[in-house]
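The values are calculated or read from the model by the stated rules, or taken from the named source; none is laboratory data. This is a predicted model, so every value here is computed, not measured. For neighbour counting, all protein chains shown are included, and Cβ atoms are generated from backbone atoms with ideal geometry for every residue, glycine included. These area figures cover heavy atoms from the full protein model, side chains too; ligands, DNA and RNA do not enter into them. Shrake-Rupley method; radii C 1.70, N 1.55, O 1.52, S 1.80 Å.
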Amino acid sequence: MEHKVALKDIAKLFLKLGVIGFGGPAAHIAMMQEEVVEKRKWLTEQHFLDLIGATNLIPGPNSTEMTMHIGHEKGGWKGLVVAGLCFILPAVFITGIFAYLYKQFGQLPEVQPFVYGIKPAIIAIILGAIFPLAKKSLKSTELLLLGILVLVCSLLGINEIYLMFGSGFFALFLAYIRNKGQSSLNSFLPLTLLQITNTTLLSATNAKIFWIFLKIGAILYGSGYVLFAFLDTELVATGLLTRQQLIDAIAVGQFTPGPVFSSVTFIGYQINGLTGAIVSTIAIFLPSFLFVALLNPIVKKMRSSKLFSAFLDAVNVASVAIIVAVCFDMGKDTITDWRTILIAVISIAIGYKKLNSAFVVLGGSLLGYLLTLV
């Protein structure tokens with residue numbers, strides 16, 4: 001029987017990650033890999049990889065959905081809810097404070113010197129986690145070639161969803177040709193989309209933003225930048241939000257820990273105060289809880305089927321290649337002078353000593369601040 005973990009231990013871990021989780025999904029997943037695979041041995045490297053692959057196949061914030069998958073694995077549906085909430089709430093709380101200050105004073109506090117140092121440190125954390133994941137995912141020459149192809153395509157700007165599903169279906173086709181009739185598709189259960197019934201909300205404005213954010217949470221693939229493109233269309237173009245408020249929301253998403261989706265807390269607050277912030281936050285994250293609850297039991301069924309095991313292996317390789325591409329793009333934008341090079345080198349050296357990623361983040365932040373004084 002699979003070893004379960006106490007809910008308080010799940011809560012403690014994901015609260016910690018919610019507080020120190022700077023740098024976006026790739027960095028969050030790197031921190032989770034360190035905590036749940038290397039330190040706590042809650043999951044094997046292979047199963048962790050399978051969950052990354054599965055997470056990339058559904059809409060919503062990838063790293064938040066990873067916390068829910070891990071919570072479900074170690075604590076059932078209660079673990080799913082606890083892990084998800086503990087990861088989301090610190091970011092929502094911090095973003096809420098910024099939203100209040102912004103509404104009161106019309107500007108954001110000066111945090112750029114600290115962010116300056118966090119970004120190169122985050123790259124070191126991602127690199128530290130990606131090597132063992134890459135080693136585990138590259139099981140054959142075919143998968144290695146597929147990974148290189150996906151990496152090149154990702155760097156050329158091809159949409160990650162096409163790359164992910166394309167890799168999976170290509171591998172599925174090859175496995176079917178090889179196994180002709182030996183494997184059955186019956187071990188795979190298709191996902192069904194849940195329809196959310198109409199809910200009585202506090203006001204017409206809240207009802208409107210609830211449905212906007214619920215829709216985005218249910219269909220959005222890709223990074224936080226894709227989220228902001230959706231928000232521009234849904235909120236700025238319709239006059240609910242100004243473009244300056246959206247730009248400031250993007251800034252908040254970049255320098256607060258946890259999922260970038262918590263930016264909607266800031267946006268909801270600007271539109272309709274505290275109730276707007278609460279409604280927006282619930283709406284954007286609700287589909288993720290439902291999708292993970294549906295998908296998690298299927299992952300092991302996929303792994304036990306020859307055909308879908310091939311699909312999952314290809315998706316895993318594509319996921320790793322896309323994380324490498326993200327890391328490369330981050331490095332290009334972030335490591336631009338001798339200060340950021342120095343922070344990145346020190347962070348990589350510290351990472352090899354297996355120091356906790358929280359210290360790497362805090363050290364990078366402090367070093368960034370000190371070096372900007374030079």
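Numbers at a glance
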item	result
Qualifying residue in region 98-110 (condition: among the hydroxyl-bearing types (Ser, Thr, Tyr), open to solvent by 30 Å² or more (accessible area, probe 1.4 Å) and either at pLDDT below 80 or on the phi > 0 side of the Ramachandran plot (or both))	no
Leading residue by the ranking (most open to solvent (accessible area, probe 1.4 Å)) among those in region 150-165 that are without any contact (Cβ under 8 Å) to a residue 12 or more places away in the chain and outside any loop (DSSP other than H, G, I, E, B)	TYR162
Selection count where residues are surrounded by fewer than 22 Cβ atoms within 10 Å (Cβ to Cβ) and aromatic (Phe, Trp, Tyr), scope region 291-342	2
In region 1-27, the residues that are assigned to a helix (DSSP H, G or I) and at positive phi	none
Whichever residue in region 249-290 is open to solvent by 20 Å² or more (accessible area, probe 1.4 Å) and aromatic (Phe, Trp, Tyr) and, among such residues, is modelled with the lowest pLDDT	PHE255
Extreme residue, least open to solvent (accessible area, probe 1.4 Å), among residues of region 1-55 that are out of contact with any Leu (no Cβ under 7 Å at 6 or more places or on another chain) and of a type in the set (S, T, N, Q)	THR55
Flag for LEU143 being open to solvent by 30 Å² or more (accessible area, probe 1.4 Å) and either more than 15 Å from ALA321 (Cβ to Cβ) or in contact (Cβ under 8 Å) with a residue 24 or more places away in the chain (or both)	no
Enumeration of residues in region 316-344 that are outside any helix (DSSP H, G or I) and free of Cβ contacts under 8 Å to residues at least 12 places away in the same chain	THR336, ASP337
Residue in region 319-342 that is within 23 Å of PHE170 (Cβ to Cβ) and at pLDDT 85 or above present	yes
Residue identified as at pLDDT below 90, out of contact with any Pro (no Cβ under 8 Å at 6 or more places or on another chain) and of a type in the set (Lys, Arg) among LYS78, LYS4, LYS41	LYS4
Residue match in region 229-248 (condition: over 19 Å from PHE98 (Cα atoms), surrounded by fewer than 22 Cβ atoms within 10 Å (Cβ to Cβ) and of a type in the set (D, E, K, R))	yes
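Listed here are the residues, each with its yes/no results for (1) over 24 Å from SER280 (Cβ atoms); (2) of a type in the set (Lys, Arg); (3) in contact with a helix residue (DSSP H, G or I) (Cβ under 9 Å, 6 or more places away or on another chain); (4) part of a loop (DSSP other than H, G, I, E, B).
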{"site": "GLU35", "(1), (2), (3), (4)": "yes, no, yes, no"}
{"site": "GLU38", "(1), (2), (3), (4)": "yes, no, yes, no"}
{"site": "LEU43", "(1), (2), (3), (4)": "yes, no, yes, yes"}
{"site": "PHE48", "(1), (2), (3), (4)": "yes, no, yes, no"}
{"site": "LEU51", "(1), (2), (3), (4)": "yes, no, yes, no"}
{"site": "MET68", "(1), (2), (3), (4)": "no, no, yes, no"}
{"site": "VAL82", "(1), (2), (3), (4)": "no, no, yes, no"}
{"site": "LEU89", "(1), (2), (3), (4)": "no, no, yes, no"}
